[in-house]
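First comes the structure, then the notes that go with it.
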Amino acid sequence: PGDAARIIEAAEKAVERRVDLLGSGEVALGWPIQWHRDFKSGHSWPMAPFRRLNILDLDRDSDVKVPWELSRLQWLIPAGQAYLLTGDERYAEAARQVIEEWARANPLARGVNWACTMDVALRAVTLVWLFHVFHHSAAWHDGRFRADFLKLLYLHGDFISHHLEWSDVNGNHLITDAAGLVVMGLFFADGDAPQTWQKRGWEILTQELPKQVFLDGVDFEASTAYHRLVTELFLLPALYRRSAGLDVPDDYAA
C-alpha cells in the first residue's frame, strides 16, 4: 500500500532531474547534466583517457563516487516503474533524453565514468532493465536512437570483458563485473562475443559464490550494505539465466 504514489513521486523527480545521492540532499542537475563533476565540492575531472585520471587524491575535498553514482543511472529506475504503472510516455522520453545526453558526454574509455569497471557494469545492468521496460514506447521506437543505444550497450559489454577487476582477495567489484557480463551476454544472446561474455561471467559467479559467502549465508566482507549488494548481484544474473531458459545449479540457488 502506498507504493504506487511513492514511485510516481520518485519518477517525477527523475523527470525533473532532481536527485538525492550519497546523502547529498535533493540536488537539481539541470540541462545538460555535468556528468564529470562532483556537485558537492564543485570539482570536475577532465575528459582524458580513464587510466590517466587521478581519482584517489586524498588531499582534495572531492568525491569521485558522486559522478560515478550519478552515471550508474539507477535514479531513472522509478521512471521505468512509473511507466509500467501508467504508460505515460513522458517517462520514456525523459529516460531517453538522459541516456542520449550521457552517451554524448562520455565517449568510450574517456572520462571519469569509465575509470571503474564496477560502475560500468552497474550502468550496463540499468540500461538493459530500462530497455526491457521502454522498448515498446513511442520514444524508444526511433531507429537512430535504438541503433545508438544498442551500440552504447555493446561497448559497455566489450569494456567490461577487457577490464575485469581481479585482486589478491576478490570482492564485490569482481562480482559486479561478472554480473554485468552475464547480463550483457544474455541481452545480446547471439554472436561469439556475447556468448563468451555470459559464459565467462557465469563461470566467475559460480566460482566466487562459495568463496565469498559463508555457509551461514553471510558475505565475507562483513558489511550489511555489501551483503545486500552481493545478494542482488548473485541473484539477478541467475534470474535472467532462468528467464532465458538456462540452468541455475541447485547448489547456487540454495
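The values are calculated or read from the model by the stated rules, or taken from the named source; none is laboratory data. Everything quoted here is computed from the prediction, not taken from an experiment. No Cβ is skipped: glycine too gets one built from the backbone with ideal geometry, and neighbour counts run over all protein chains shown. What goes into the accessible areas is simple: the full protein's heavy atoms, side chains included, and nothing from ligands, DNA or RNA. Shrake-Rupley method; radii C 1.70, N 1.55, O 1.52, S 1.80 Å.
Here are some notes:
- Scan of segment 59-75 for residues that are closer than 17 Å to Val98 by Cβ and in a helix (DSSP H, G or I), ordered by number: Val66, Pro67, Trp68, Glu69, Leu70, Ser71, Gln74, Trp75
- If the condition is being more than 19 Å from the chain's Cα centre (by Cα) and closer than 18 Å to Trp68 by Cα, then segment 122-170 contributes no residue at all.
- Restricting attention to segment 52-99, the residues that are on the phi < 0 side of the Ramachandran plot and without any contact (Cβ under 8 Å) to a residue 24 or more places away in the chain add up to 10.
- Test: residue in segment 46-58 that is in a helix (DSSP H, G or I) and exposed (fewer than 15 other Cβ atoms within 10 Å of the Cβ): yes
- Residue match in segment 23-31 (condition: surrounded by 12 or more Cβ atoms within 10 Å (Cβ to Cβ), closer than 21 Å to Tyr91 by Cα and at pLDDT 90 or above): yes
- Pick from segment 34-45, criterion under 19 Å from the mean Cα position of the chain (by Cα) and open to solvent by less than 40 Å² (accessible area, probe 1.4 Å), ranking: nearest to Ser71 (Cα to Cα): Trp35
- Residue within segment 80-88 that is in a loop (DSSP other than H, G, I, E, B), under 15 Å from the mean Cα position of the chain (by Cα) and over 28 Å from Leu235 (Cα atoms) present: no
- Lone qualifier among Arg96, Arg123 - being part of a helix (DSSP H, G or I), open to solvent by less than 40 Å² (accessible area, probe 1.4 Å), charged (D, E, K, R) and in contact with a Leu (Cβ under 6 Å, 6 or more places away or on another chain): Arg123
Each row is one residue, and each column tells you yes or no for (1) open to solvent by 90 Å² or more (accessible area, probe 1.4 Å); (2) in contact with a Leu (Cβ under 9 Å, 6 or more places away or on another chain).
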residue	(1), (2)
Leu186	no, yes
Asp190	yes, no
Trp197	no, yes
Gly201	no, yes
Lys211	yes, no
Leu215	yes, no
Ser223	no, yes
His227	no, no
Glu232	no, no
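- Residue match in segment 192-202 (condition: over 26 Å from Pro107 (Cα atoms) and in contact with a helix residue (DSSP H, G or I) (Cβ under 9 Å, 6 or more places away or on another chain)): yes
- Cβ-Cβ contacts under 6 Å between residues 6 or more apart (or on different chains), taken from a first residue in segment 127-139 that is outside any helix (DSSP H, G or I) to a second residue that is of a type outside the set (Asp, Glu) and surrounded by 12 or more Cβ atoms within 10 Å (Cβ to Cβ), are listed as Ser137/Ala92; Ala139/Ala92; Ala139/Arg96.
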